[in-house]
1. Need a quick list: helices (runs of 4 or more DSSP H) entirely within region B:308-427 having at least 2 residues that are away from chain A (no Cβ under 14 Å).
2. Among the candidates B:Arg467, B:Arg461, B:Arg481, B:Arg473, which residue alone is closer than 23 Å to B:Ile825 by Cβ and assigned to a loop (DSSP other than H, G, I, E, B)?
3. Being surrounded by fewer than 18 Cβ atoms within 10 Å (Cβ to Cβ) and at negative phi narrows it down to one residue among B:Ser111, B:Ser132; which is it?
4. Looking at (1) modelled with pLDDT under 85; (2) more than 26 Å from B:Val359 (Cα to Cα), find the lone condition where B:Ile458 falls short.
5. Mind checking whether some residue in region A:46-64 is within 16 Å of ligand 2 (Cβ to nearest atom), farther than 16 Å from A:Ala167 by Cβ, surrounded by 18 or more Cβ atoms within 10 Å (Cβ to Cβ) and at the interface with chain B (Cβ under 8 Å from one of its Cβ atoms)?
6. Can you tell me which residue among A:Ser184, A:Ser179, A:Ser145 is more than 16 Å from ligand 2 (Cβ to nearest atom), within 14 Å of chain B (Cβ to nearest Cβ) and of a type in the set (Ser, Thr, Tyr)?
7. Quick check: anything in region A:149-172 within 16 Å of ligand 2 (Cβ to nearest atom), part of a loop (DSSP other than H, G, I, E, B) and out of contact with any strand residue (DSSP E or B) (no Cβ under 9 Å at 6 or more places or on another chain)?
8. State whether the residues of region A:71-81 include one that is without any contact (Cβ under 8 Å) to a residue 60 or more places away in the chain, outside any loop (DSSP other than H, G, I, E, B), within 14 Å of chain B (Cβ to nearest Cβ) and surrounded by 20 or more Cβ atoms within 10 Å (Cβ to Cβ).
Amino acid sequence: MSQTILSVQDLTKTYHSGEQTLTVLSQVSFRLSEGDSCAIVGPSGSGKTTLLGLCAGLDRQTSGTVSLCGITIDSLSEDERAKVRNQFVGFVFQNFQLIPTLTALENVLVPLELRGERVNEKDGIELLARVGLEKRVHHYPTQLSGGEQQRVAIARSFINRPKILFADEPTGNLDGETSEKIESLLFELNREAKTTLVLVTHNLELARKTERIIRLKNGMVVSDTMNEMQETNFNPTTAP
Amino acid sequence: MIASLFNRWTWVMAWRDSRTHRKRLLLFISSIMLGTAALVAVNSLGESLERAVSTQAKSLLGADLAIESRQPFSKALERAVDSLAERAEVAREMSFGSMVYFPKQSKTRLSQIRAVTGDFPFYGTIETEPKSAYNTLNNGRNALIDNTLAIQFGVQIGDSVKIGDVSFLVSGILKEVPGEAAVASVIGPRVYIPPMYVDSTKLIQVGSRVTYKAFFKLPPATSAKAVVDSLKPLLNLTSATATTAEERQATLGRTLENLYRFLNLVGFIALLLGGVGVASAVNVYVKQKLQTVATLRCMGASSAQAFAIYLIQTFAMGLIGVSIGATIGVFVSAFLPRLLGDFLPIQVEFIISTSAIGVGVSIGLLMSIAFALLPLLAVRNISPLLVLRASVEDEKIQQDYLRYVVFGLIVMVVWFFASLQTDSALSAVERFKQGALITLGLGVSFGLLALVAKGTMIGARKFFPKRWNYVWRQGLANLYRPNNQTLILILSLGFGTMLISLMYLLQAMLIEQVELTSKENQPNLVFFDVQSDQRNGVEELLTAIDAPVMQTIPIVTMRIAAVKGKTVAEARRDSTVKSAWLWEYRVSYRDTLNETETLIKGEMNKPVKSPNDSIKISINEFLAQSLEVDVNDEISFDVQGVPVKCYVGSIRKVDFRRIQPSFSILFPTGVLEDAPQFYAVLTRASNDEHSAEIQQAMVEAFPNVSAIDLGLILSTVDSILDKVSLVIEFMALFSILTGVAVLIGSVLISRFQRMRESVLLRTLGAVRKQVVSIMTVEYLLLGFLASLSGVVLSAAASVILAYTVFKFTFAPNLLPMMAMMLVMIALTVVIGVQGSRGVHSHSPLEVLRNEV
Ligand SMILES: Nc1ncnc2c1ncn2[C@@H]1O[C@H](COP(=O)(O)OP(=O)(O)O)[C@@H](O)[C@H]1O
Ligand SMILES: [Mg+2]
């Protein structure tokens, strides 16, 4: 059996505002193995981003357990979680989250540099070439279009050879044509690197490209299905 | 944390991250610049002063040793001087106050006449125009007059000057006397005459105040202090005092040190203000960096790493700001001695002082980092979650408990620094107490200003005037919108205004004190040294020239014979004698208090009707203290050979700030009427010409009678205060400029945000004029609030100071303060609106695209 990369057990998140308690996520459990790809879908406000944040150790749950690559992150300090992320996790965000003061290449290299290792710029340049930005290596984010920025972000997310990649609405801010390019890039790289992928989206077309779909509604898992239709024989007209 | 600071990547990242914001960063750190400049300038001035005092030590006194007495030297003292003369060089000086009269200009002025025998000064030179004038003074009936007299009356070399009964030829103009500040001549112009003519002036009479001095140049191996020690018993007997060059150096050193410390404190305040600027700028900066930090945290940066990046940036910028400041400081320090020139009795040379630069730079750096840390510490708590949810926690970053530690540290540094600036002669405890008071004062001022700012924000939101027109509403709303500048601008501008306004008020306060005396119907011209046989003549002369004789005050000189039954001779023998026992007292007699006096103990004098009545006198509180006597204690006097036994009947408090003849001892009437006496006559001149006319007539008829012209004193005090306040205002300027730097900094920092706003407004159809108007309104309100609080605070401070320190009620004049407010408001609006100008020159697209 292949190795478990992400395991989520009875995950619950509540917010308190005054007297009221808002349960954003309730008793969510699932498990992903090496190379799995999974989409988390659901209407806006259903708790997708919250779930993603908890899985990546960006936030603390109210109850339940999360373990990443065999490490239970619940009791880790902020800095210990940061180390885990640096080692095993990659991110792609809806709003790209490039550091505005760094060039494309420098942005890509940040995760490696954070490890304190000697950094080989070639790796970064190669990855940027892989996403088609070999000519924009020294440009700043403001000099790039949204699609280009997201390609830089994708290059960055793979630079540390993550075991798992979290993507929160990666094409949410992009137009249709650009979205498609970004999507295929993401899946290609993911397959090549055998990275586990967690993709948050409210776009069902996109979700269908993954092996598994978890549907959230009001913070609860309403369905968790394996996806028979892979992208090779994808037909949008048969979508429910 | 420490490890992160030595991590290569942290430094690389700090460098890269600062790339696009470097100018912005530099700008806010520049608010620390002027404070540092002030500290460097003042500290190197301090060092220049110290060096000047030590290299010019001997010329400060002109001799190794000086003996001074208000009476002719006693026979024993003369003998001692003679025996010293066998191994030392001796020079003598007699000096006394007298009117000098310039017939050609028909002008008179009370001056200080000096006659020197011997080779004085032994060290340094008396500088004159022409150069040889001092050396050739004794060759004829020559006089050297002070430069101020020459300038005031247009006197030239070759003119004549009448002093007492003798006419002298002005043979030179006095430029500089070693050890005396130029400003001294404004108070009492100096005139040197040959000693052989002193007697023929006929100015030395009963009651004349003559100072006798002997100067010594000792052989190299002789210690001046040893000589003083050997003379001590003799000096005590005759109430003469001795000063060595070292003592003079020490006293002057201390005076100058106090001056330097005061200026240092003013400079430090500029630094503090700059610190507030740094804190607020870093605060904005940190808010702008939230997303970057969150992303880095997401990629796996530890909180220490993220924090280190920004600590390195602020440190580097601080270093740059402080270095520029130090450079400015060096230039200013070249200029400061000239600004202070008239006050300094020494030649101060400009030096580049490495220790001053070191002190300024390290304090500047320490303060900039401490203030930067206040907001910077929050970086440690920025959550990586912000990458997913930018808007939720954008507003409030969780603050760090370490802030309180840093804050406490700043308070300690301020306290320590303030304590260091207090008088070094005080005890350590007393100095720390005073330092605490200064710190408290600063804290209260900052606290109140912060309260005004917070109150404004809350008030504007709560009582928002919904019916105002749009521009005003939007401008007002800007005061409390996110990332507003209300707190920082009210703090920095308010504090700057407060400082300048306080300086101004203190000056006004001191002048008002003097002006109290020049009120309608108060005497403004005092003639003293009027001899008994001149009294009628003087009074007649005054009446003839339309000057009312307002008061004629009799003065009798006497000495103390015994206190509480113990004679001065006995006290001398058992060495319990105090100098107050030995003075010659100028005593008047009356049975009423005048308006400058208040009784604090006992009853005021009653007329003595029969020789059997006991004589109850009134003495002032200081004399009571130094003689250690209380009401009903016995004091016996020697009234020019006649013993008189008295009792202390009352103790008075005298307001010495009034320019009125005041007496430490007042006899009752009925005792001294027949004793040899002289008079002070008080009159009132209706204007300056009248005053000159009266004085001139008086000098011609009674050359020995001197006049004090209150008008002249007033203008003298005024001109001295003008010079003092120039120095203080110069230092306060650093604070104001820091305030301006903070203003410019915060305008530019928030410019981008403003750009987006204005672009949005313009997209929505606002014309450019509306956008500018909104900004004008915002800065108008800010400038108004800041300057109003500053002015009100300074007024309150001055009233409190007047009441507690100067002991009178002071009503600040509103008009100049309003003028100051207008200037501040105009400054704020101009800088604010000008600084945001770029907002309009960018196209909306450019601006929208810039936001990542
Ligand atoms: N800090 C917070 N405090 C209170 N409620 C929050 C907070 N963060 C998110 N929520 C709420 O949690 C719910 C789920 O949000 P989110 O996970 O962003 O949904 P999705 O990503 O599926 O659109 C929403 O109703 C949101 O309002
Ligand atoms: Mg979401």
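1. Details: elements: B:354-376, B:390-393, B:402-420.
Filter on region B:308-427 gives B:354-376, B:402-420.
2. Working: B:Arg467 fails: closer than 23 Å to B:Ile825 by Cβ; B:Arg461 fails: assigned to a loop (DSSP other than H, G, I, E, B); B:Arg473 fails: assigned to a loop (DSSP other than H, G, I, E, B).
Testing whether each residue is closer than 23 Å to B:Ile825 by Cβ and assigned to a loop (DSSP other than H, G, I, E, B) leaves just B:Arg481.
3. On the way: B:Ser111 fails: surrounded by fewer than 18 Cβ atoms within 10 Å (Cβ to Cβ).
Checking each option against the conditions leaves just B:Ser132.
4. (1)
5. Initial filter on region A:46-64 (within 16 Å of ligand 2 (Cβ to nearest atom)): A:46-56, A:58-59.
Next, only the ones that are farther than 16 Å from A:Ala167 by Cβ stay: A:46-47, A:59.
Restricting the remaining residues to those that are surrounded by 18 or more Cβ atoms within 10 Å (Cβ to Cβ) gives A:46-47, A:59.
Those still in the list that are at the interface with chain B (Cβ under 8 Å from one of its Cβ atoms) too: A:59.
The answer is yes, given that some residue of region A:46-64 is within 16 Å of ligand 2 (Cβ to nearest atom), farther than 16 Å from A:Ala167 by Cβ, surrounded by 18 or more Cβ atoms within 10 Å (Cβ to Cβ) and at the interface with chain B (Cβ under 8 Å from one of its Cβ atoms).
6. On the way: A:Ser184 fails: within 14 Å of chain B (Cβ to nearest Cβ); A:Ser179 fails: within 14 Å of chain B (Cβ to nearest Cβ).
Selected residue: A:Ser145, the only one of A:Ser184, A:Ser179, A:Ser145 that is more than 16 Å from ligand 2 (Cβ to nearest atom), within 14 Å of chain B (Cβ to nearest Cβ) and of a type in the set (Ser, Thr, Tyr).
7. Checking region A:149-172: at least one residue is within 16 Å of ligand 2 (Cβ to nearest atom), part of a loop (DSSP other than H, G, I, E, B) and out of contact with any strand residue (DSSP E or B) (no Cβ under 9 Å at 6 or more places or on another chain).
8. First, pick out the residues of region A:71-81 that are without any contact (Cβ under 8 Å) to a residue 60 or more places away in the chain: A:71-81.
This time we only want the ones that are outside any loop (DSSP other than H, G, I, E, B), so: A:71-72, A:78-81.
Checking the rest, the ones that are also within 14 Å of chain B (Cβ to nearest Cβ) come to A:71, A:78-81.
Pick out the ones that are also surrounded by 20 or more Cβ atoms within 10 Å (Cβ to Cβ) and you get A:81.
So far as region A:71-81 goes, yes, one or more of its residues are without any contact (Cβ under 8 Å) to a residue 60 or more places away in the chain, outside any loop (DSSP other than H, G, I, E, B), within 14 Å of chain B (Cβ to nearest Cβ) and surrounded by 20 or more Cβ atoms within 10 Å (Cβ to Cβ).
The values are calculated or read from the model by the stated rules, or taken from the named source; none is laboratory data. Source: prediction; values computed, not measured. Here the Cβ is made from the backbone with ideal geometry for all residues, glycine too, and neighbour counts use every protein chain on show.
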